[in-house]
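The structure under discussion appears below in the form of structure tokens.
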Amino acid sequence: MNTTSLKQRIEAIYRDESRRVLATLIRLLHGNFDLAEESLQDAFMAALSQWQQDGIPDNPRAWLVSTGRFKAIDRLRKRTRQDNHLEELALTLESEMQSQPLVEDETIEDDRLRLIFTCCHPSLSMEGRVALTLREVCGLTTEAVAAAFLLPVPTLAQRIVRTKSKIRDAGIPYEVPSPELMPERLEAVLPVIYLVFNEGYSASSGAQLTQRDLSAEAIRLGRLLQALLPNGEVTGLLALMLLHDARRGGRTTASGDLIPLEEQDRTLWNRAQIREGCDLVIQALRA
């Protein structure tokens, strides 16, 4: 495989797998978001060189998780020279890697739920939840999130840093809530998704009345949550977003002005989304 083809394959794997790998690395690295992000990038950099020689492994996701763990330990070893507190974490990670070298795919899917519920913990501010969810769960860059909400990049970056610090300092557990707590915790997650969708569907600020990327991310997040946790409320929210978004093509003029519902060209509505949304409404009512 030539270098160009390999890079294209790795880019595709990054799009498909990076959030799964990150979610698992955060758990394996004891909730250290920053170390997990650094290790994720290290793992993909290693893939560029090693896969060129050895070929793409049968299970790229598992390879990236394993390599990310090694890279995290390497980083900690270097930092222990300046910070003795990191030595204990490095030793713990080494011990855990020896006792549990492989991570099952089912566990990785659970990790995605852990990441969602951690980023949307009710003790975090709504602004922090939204920023962290878009950054960590959806994989948007800090610059993209800042641009979406018309904030300076340093302001948005500090918001994310403060939210991560709150997770660490408050000891927010990286876990899927128990069945007893699930309704309460979903109440903290679903508004985040809907707020992101609403901001894209009808922007509260800026020259554009809609921001398609934000709505698309909210729907993608809704699909992810519905696939991992097929709950009536989750399904209902996904249906609501799809049915609203289906009218996007007929909502505005070429210059961006809103068109009243009764004047919209219904041939521009997305019929596939309408059918899917209606099917989901039926599922939600049966749940």
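Just so it is clear, none of the values below were taken in a lab; they were calculated from the coordinates. Worth saying up front: this structure is predicted, and the values here are computed from it rather than measured. Ideal geometry is used to build each Cβ from the backbone, glycine not excepted, and the neighbour counts take in all protein chains shown.
Some observations on this one:
- Evaluated at q = 0.10, 0.23 Å⁻¹, a Debye calculation over the C-alpha positions of segment 148-277 (equal weights, vacuum) places log10 I(q)/I(0) at -0.43, -1.37.
- Our helix-only sum for the chain, with -39,500 (n - 2.57) per DSSP H run of n ≥ 4 divided by its residues, gives a mean residue ellipticity at 222 nm of -23000 deg cm²/dmol.
- On full extension, the segment bounded by A46 and D169 gains 41.1 nm, given 0.36 nm per residue less the C-alpha separation.
- Translational diffusion coefficient of the chain (Stokes-Einstein, Kirkwood radius from Cα pairs, 25 °C, 0.890 mPa s): 118 µm²/s.
- Taking the number of Cβ atoms within 10 Å of each Cβ as an exposure proxy, the fewest-first ranking of L124, L151 is L151, L124.
- Contact order for the chain, expressed relative to its length and based on alpha carbon pairs under 8 Å spaced 6+ residues apart, stands at 13 percent.
- Theoretical gain in end-to-end length, E184 to I274 [0.36 nm per residue, Cα-Cα removed]: 29.4 nm
- Helix screen, the chain: DSSP H segments with Cα axial length of 27 Å or more and mean Kyte-Doolittle hydropathy at least -0.5 are 3-28, 33-54, 182-201.
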